[in-house]
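Enquirer: Here it is, the structure in full.
The values are calculated or read from the model by the stated rules, or taken from the named source; none is laboratory data. Keep in mind the model is a prediction, meaning the values are calculated, not measured. Positions of Cβ are generated from backbone atoms using ideal geometry, with glycine treated the same way; all protein chains shown enter the neighbour counts.
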Amino acid sequence: MSEDNNKSKMVGKQSVMFQNPPCIIAASSIAGKKEGEGPLGSLFDVIQEDALLGKKTWEEAESELMKEAASKVLQKAGLKNKDIRYLIGGDLLGQLIATSFGIAEMEIPLLGIYGACSTMGEAMSIGAMMVEGGFADRIIAITSSHFAGAEKQFRMPLDYGNQRPYSATWTVTGSGAVIIEDRKFNKNNNEKVVSIKGVTSGKIVDYGLKDSMNMGAAMAPAAYETIKQNFEDFNIKPDYYDKIITGDLGYVGKNILIDLLKEQGYDISGNHMDCGIEIFDKESQDTHAGGSGCGCSAITFTSYILKQLKEGSWKRVLFVPTGALLSQVSFNEGNSVPGIAHAVMVEAE
């Protein structure tokens, strides 16, 4: 490939447009009991009633979630482990232990990544670029989170029984995976082909917020920057997309995002959706500001969003998982909570 052709895939400051958009050929969603009781419960592939999944620790349980999601997506695609060139994914736990322990026995080359709750968008972006660039024929993009594991690591042990403020979100217990494949291999003529047309990679945005119980406010500025950049890089308006879908801003972050974009002349109030709002029922499930965690956007995308695209309800969506880049160390040392968001342009043909 010539240098000119390679450069032609870059658009604007932070985006890529694929010449041969790779396809999403299969998806899996493994959810916890609370998630299964929510509005999307009937769409998940598997609902795990036992939060420990038969394991001794929350961390082992999350590894099992990821292992099950990876196995399920391969089964649905009719593929074997050897058919996957790379597995790209990560989680919220220190040094990605849910991922490394979860998929170790699968013997698939792993690229472990950390984007906090934006990890699914990051994994899909990297995977799509590798496939379209000719560096892989198929990859699995995967991530997971677990309510109890996240509370234990980032906030308070569950046994402490602390009260949660209304700005707090509920970390989703779940794991989602997609297989992204080179377009030339796709032979499915029976339903719409869902492809990744382009991506806008996010940058770190820090407004100085230090409240770990208000992740929506911490991540909303990053979502704003990435979505605005997508509009500018591709010279499009919000109505280009049927839906602009953020990962886990919840009710607090959603309002901030809409206000920030309106100040720049972009009104997304009519076609914006947030996975953290969709996954739980506000009235009956007591999750305060909504859902969050790597698994929030992942299982919402793999169960609900892809379904709408394949059925023709939506043609174009901008999928924008959002992440809060804090750790135990940074929070305890009084640092602010930077945010990041990665946008994936997904279309049905």
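Enquirer: Can you pull out every residue in region 270-290 that is at pLDDT below 80 and either in contact with a Cys (Cβ under 9 Å, 6 or more places away or on another chain) or of a type in the set (Ser, Thr, Tyr) (or both)?
Expert: SER284, THR287, GLY290
Enquirer: Consider region 195-218. How many of its residues are crowded, with 24+ Cβ neighbours inside 10 Å and at pLDDT below 90?
Expert: 3
Enquirer: Right, here's the next one. Quick one: which of LEU87, LEU96, LEU65 is over 28 Å from GLN308 (Cα atoms) and in contact with a strand residue (DSSP E or B) (Cβ under 6 Å, 6 or more places away or on another chain)?
Expert: Exactly one residue qualifies, and that residue is LEU96.
Enquirer: Has region 166-175 got at least one residue that is surrounded by fewer than 18 Cβ atoms within 10 Å (Cβ to Cβ), at pLDDT below 95 and closer than 23 Å to LYS282 by Cα?
Expert: Checked region 166-175: at least one residue is surrounded by fewer than 18 Cβ atoms within 10 Å (Cβ to Cβ), at pLDDT below 95 and closer than 23 Å to LYS282 by Cα.
Enquirer: For the condition in a helix (DSSP H, G or I) and over 29 Å from ILE97 (Cα atoms), what is the one hit in VAL317, VAL346, VAL252, VAL329?
Expert: VAL252
Enquirer: Looking only at region 236-246, decide whether some residue is polar (S, T, N, Q) and farther than 21 Å from ILE299 by Cβ.
Expert: No; the residues of region 236-246 include none that is polar (S, T, N, Q) and farther than 21 Å from ILE299 by Cβ.
Enquirer: If I ask for residues that are among the hydrophobic types (A, V, I, L, M, F, W, C) and either within 16 Å of the chain's Cα centre (by Cα) or surrounded by 24 or more Cβ atoms within 10 Å (Cβ to Cβ) (or both), which ones from region 85-102 would you list?
Expert: Selection gives LEU87, ILE88, LEU92, LEU93, LEU96, ALA98.
Enquirer: Right, here's the next one. Can you pull out every residue in region 86-104 that is more than 15 Å from ALA141 (Cα to Cα) and in contact with a helix residue (DSSP H, G or I) (Cβ under 8 Å, 6 or more places away or on another chain)?
Expert: LEU92, LEU93, GLY94, ILE97, PHE101
Enquirer: In region 255-293, which residues are outside any loop (DSSP other than H, G, I, E, B), surrounded by fewer than 18 Cβ atoms within 10 Å (Cβ to Cβ) and of a type in the set (D, E, K, R)?
Expert: ASP259, LYS262, GLU263
Enquirer: Something else: Name the single residue that is farthest from the chain's Cα centre (by Cα) among those in region 38-65 being farther than 19 Å from SER28 by Cβ and of a type in the set (A, V, I, L, M, F, W, C).
Expert: That would be LEU52.
Enquirer: Go through region 176-194 and give me each residue that's at pLDDT 80 or above and either in contact with a Phe, Trp or Tyr (Cβ under 8 Å, 6 or more places away or on another chain) or of a type in the set (Phe, Trp, Tyr) (or both).
Expert: Answer for region 176-194, where residues must be at pLDDT 80 or above and either in contact with a Phe, Trp or Tyr (Cβ under 8 Å, 6 or more places away or on another chain) or of a type in the set (Phe, Trp, Tyr) (or both): GLY176, VAL178.
Enquirer: Working only within region 105-125, note down all residues that are surrounded by fewer than 22 Cβ atoms within 10 Å (Cβ to Cβ) and outside any strand (DSSP E or B).
Expert: GLU105, MET106, GLU107, ILE108, PRO109, ILE113, TYR114
Enquirer: Okay, next question. Condition (residue is more than 14 Å from the chain's Cα centre (by Cα), assigned by TED's automatic domain parsing to the domain that holds HIS342, at pLDDT 95 or above and under 26 Å from ALA69 (Cα atoms)) applied to region 243-262: is it met by at least one residue?
Expert: yes
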